[in-house]
Amino acid sequence: MICATARNFPARLYLFSSSALPEPIVHDLLQPQIILLKEGTDTSQGKPQLISNINACVAVSDVVRTTLGPRGMDKLIHDDKGNTTISNDGATIMKLLDIVHPAAKILVDIAKSQDSEVGDGTTTVVLLAGEFLKEAKPFIEDGVHPQNLIRSYRSASSLAIEKIKELAVSIEGKSLEEKKSLLAKCAATTLSSKLIGGEKEFFATMVVDAVLAIGLEDRLNMIGMKKVPGGTMRDSFLVNGVAFKKTFSYAGFEQQPKKFLNPKILLLNIELELKSEKENAEIRLSDPLQYQSIVDAEWNIIYDKLDKCVKSGAKVVLSRLAIGDLATQYFADRDIFCAGRVAEEDLHRVAAAAGGTVQTTVNNIIDEVLGTCDVFEEKQVGNERFNIFSGCPSGRTATIVLRGGADQFIEEAERSLHDAIMIVRRALKNSTVVAGGGAIDMEISRYLRQHARTIAGKSQLFINSYAKALEVIPRQLCDNAGFDATDVLNKLRQKHALPSGEGAPYGVDINTGGIADSFANFVWEPAVVKINAINAATEAACLVLSVDETVKNPKSESAQGDAAAMGGRGRGRGGYGGRGMRRR
Ligand code: ADP
Ligand code: MG
């Protein structure tokens, strides 16, 4: 890079040390060099860099584009280990794509954050960010300073969010039955774009029941999800309580009763097993008779433990640790059911549901620490046996047992239900919904265009572009369903422009290819999904626009892990910083 003589460029700042120039010339003619970065460092900067970042982000959003909406397609992703995943979920796809472009990684991050914040709208957020950038590109090419665009985008985003809040309809104050059906509508909208969309009503009711069962419990793992391959989707069922796969059991287990009504449940975290001596244990005996007493003592200890369990009155004994063959037989003789090596998570869920407390000793077991439920049963589900505790007094937990053909299918069903569960929880907490199917997006777009007209100056153009970008949602919904997007969008624009405002809830009608009142058709989305999506997408777009230089340190090639610690690189705002991003 450094080849010109100093005479031609007297005031030039040299970034690289150069060994190409003969020593004497350097000494004679050059002012002292300032070496900022190591040799071999690669910098790309200025407008071309910004444009290339935008292109990368648009390419990423093009990948997930076709998955949006009820008619969206799925992606099959397979990795070098031979795992295949079929998914429609934006966050899952982005995670699996393994994107290496530093700027495009920002989109992965916002998809993830949308997933953890609200649980749905992950495709939407990536698509919006991509579209905002696409709209910004011609301006950047024409020499508009990115900061001007950023400022306008930010103000457009806050206007949009205010408008969403204004349009959102509250479902507060309704009766439980009404609320249930409203929540089921939200869940159905989420599920309609998924592989299990065909059975969305079935699953929507299930999800709502599950969420209502755990009440305002914050821990999501109180809704258990068990996957049992085989059968059809319709064989899936909800247990109002806990269900888990039968654990490993010893001989004698068959003789235990497999069903109880109102049993007392004892939860333990101790081993009920005769243990062989530790290798380094040493006992010195002087008299052979003493040996028998030691064996007896050992047996007495375990029998004492078992006796105490039985005396507590419990009919079901669960332990996180092993319950051996001796104990299994002992319980079987006394008509008690036992299961050892229960997963910790399941044990805690039983405790929460049945109202017991996990014990670490069998001494002094009082009634208060025992749980109970209406029915305990061991049942065959497909090829597996399940222990099912239903009708638990303190509720607060539910289990969905998922059935279906292929493994990939059940896994995608689980991810889809997760989205739906999150949505119902969100809707329950925030209890405001907006019309989906692109209706809310069209309405904000119209509002922003109208607002733009009142602004004098360049900002008008930028806000107009932002408004135009929002139309990507209805357009993509149409494209994915094979409708004529231009035609539908024209109809929608006309409807939304009605001065009376009655056209506001109109969105794409996915069944006929025309337009329809999304609100009346119960295509609802929690307002928070849209608010979060617009916020995150704008923030990501602004972040990409604010980068004008990428610096790649040659060392980072070999030591990827150190990337974060390197100089000349800032982390972006809100933790969105990708490799090589610099913010000013
Ligand atoms: P995301 O990952 O962003 O949630 P989805 O693939 O779930 O993406 O698609 C969500 C979009 O599909 C939302 O804009 C929603 O309004 C729309 N949508 C869902 N169900 C329907 C429907 N029945 N008719 C029209 N649009 C729908
Ligand atoms: Mg969705």
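Worth pointing out:
- Relative contact order for segment 55-172, counting Cα pairs under 8 Å that sit 6 or more residues apart, in percent: 24 percent
- Shown here are the Rg and Dmax of the Cα trace of segment 342-388, at 12.7, 40 Å.
- In plain terms, the bigger the Kirkwood radius, the slower the diffusion; for segment 279-392, with that radius from Cα pairs, at 4 °C and 1.567 mPa s, Stokes-Einstein puts D at 80 µm²/s.
- Considering only 225, 239, 198, the residue lying farthest towards the positive end of the dipole of segment 153-297 is 198, judged by Cα position with unit charges set on Cβ.
- Just the protein heavy atoms count here, and of the accessible area of the chain at 1.4 Å, carbon and sulfur take up 51 percent.
- Across segment 503-518, computed HN-Hα scalar couplings (Karplus, 6.51 cos²θ - 1.76 cosθ + 1.60, θ = phi - 60°) run x, 4, x, 7, x, 5, 8, 6, 8, 10, x, x, 10, 8, 6, 4 Hz from first to last residue, x flagging Gly and Pro.
- With contacts taken as Cα pairs under 8 Å at a separation of at least 6 residues, segment 201-338 carries a relative contact order of 34 percent.
- Cα-based helix-to-principal-axis angle, 459-470 vs the chain, degrees rounded to 10: 40 degrees
- Semi-axes of the equivalent ellipsoid for segment 369-465, Cα gyration tensor, largest first, Å: 50, 19, 9
- Each 10 Å bin from zero holds the following percent of Cα-Cα pairs in segment 232-313: 10, 30, 28, 17, 10, 4, 1.
- Per residue, in Å², the accessible surface of the chain once ligands and nucleic acids are set aside, probe 1.4 Å: 47 Å²
- Cα-based Rg / Dmax (Å) for the chain: 31.8, 106
- Reciprocal of mean inverse Cα separation for segment 71-191 (Kirkwood radius, Å): 17.6 Å
- Think of segment 389-486 as having a plus end and a minus end, set by charges on the Cβ of Lys, Arg, Asp and Glu; of 435, 460, 405, 460 sits farthest toward the positive end of this dipole.
- Low-density loop positions, trypsin sites (Lys or Arg not before Pro), segment 58-148 - DSSP coil, at most 11 other Cβ in 10 Å: 81
- Radius of gyration and Dmax over the Cα atoms of segment 121-188, both given in Å: 18.5, 58
- Separation between Cα centres of segment 397-437 and segment 296-356, rounded to whole Å: 35 Å
- Positive minus negative residues near residue 489 (Lys, Arg vs Asp, Glu; Cβ under 15 Å): -1
- Extending 7 Å from Cα along the Cβ direction at residue 49 and again at residue 251 yields two label points whose distance is 7.4 nm.
- Gain upon complete extension [residue 307, residue 137; 0.36 nm per residue less C-alpha separation]: 53.5 nm
- Assuming charge only on the beta carbon of Lys and Arg (+1) and of Asp and Glu (-1), the dipole of segment 124-269 about its Cα centre is about 600 debye to the nearest 20.
- Taken as Cα centroids, segment 232-283 and segment 479-497 sit 58 Å apart, rounded to the nearest whole angstrom.
- Sorted largest first by accessible area at a 1.4 angstrom probe radius, with every protein chain in place, the residues 487, 419, 120 fall in the order 487, 120, 419.
- Charged neighbours of residue 259, selected by a Cβ distance under 10 Å, balance to 0 (K, R count +1; D, E count -1).
- Electrostatic dipole magnitude of segment 27-152 [Cβ: Lys, Arg +1; Asp, Glu -1; Cα centre; debye, to 20]: 180 debye
- Basic side chains Lys and Arg get +1 at the Cβ, acidic Asp and Glu get -1 at the Cβ, and with that the dipole of the chain about its Cα centre reaches some 1920 debye.
- Too-long pairs where the Cα-Cα distance tops 18 Å, listed order kept, from 185/495; 227/264; 137/468; 112/227; 75/134: 185/495; 227/264; 112/227; 75/134
- Cα-based helix-to-principal-axis angle, 485-496 vs the chain, degrees rounded to 10: 90 degrees
- Efficiency of FRET from Cβ geometry, residue 287 and residue 414, R₀ 45 Å, rounded to 0.05: 0.10
- Residue range of the chain that is longest and free of GluC sites (Glu not before Pro) which are both DSSP loop and sparsely packed (at most 13 other C-beta within 10 Å): 283-501
- Amide H contacts for residue 224 (H built 1.01 Å from N in the peptide plane; partners 5 or more residues away or on another chain; cut-off under 5 Å): 398, 399, 400.
- Residues with amide H under 5 Å from that of residue 503, placed H, sequence gap 5 or more: 498
- Of the residues 316, 299, 249, the one whose Cα sits farthest towards the positive end of the charge dipole of segment 243-386 is 316 (charges of +1 on Lys and Arg Cβ, -1 on Asp and Glu Cβ, taken about the Cα centre).
- The DSSP beta bridges internal to the chain are antiparallel in roughly 70% of cases.
The values are calculated or read from the model by the stated rules, or taken from the named source; none is laboratory data. Quick caveat: nothing in here was measured; it's all calculated off a predicted structure. Glycine gets a Cβ as well: all are built from the backbone with ideal geometry, and neighbour counts include every protein chain shown. The protein model used for the area step is the full one, side chains on, heavy atoms only, and it has no ligands, DNA or RNA in it. Shrake-Rupley method; radii C 1.70, N 1.55, O 1.52, S 1.80 Å.
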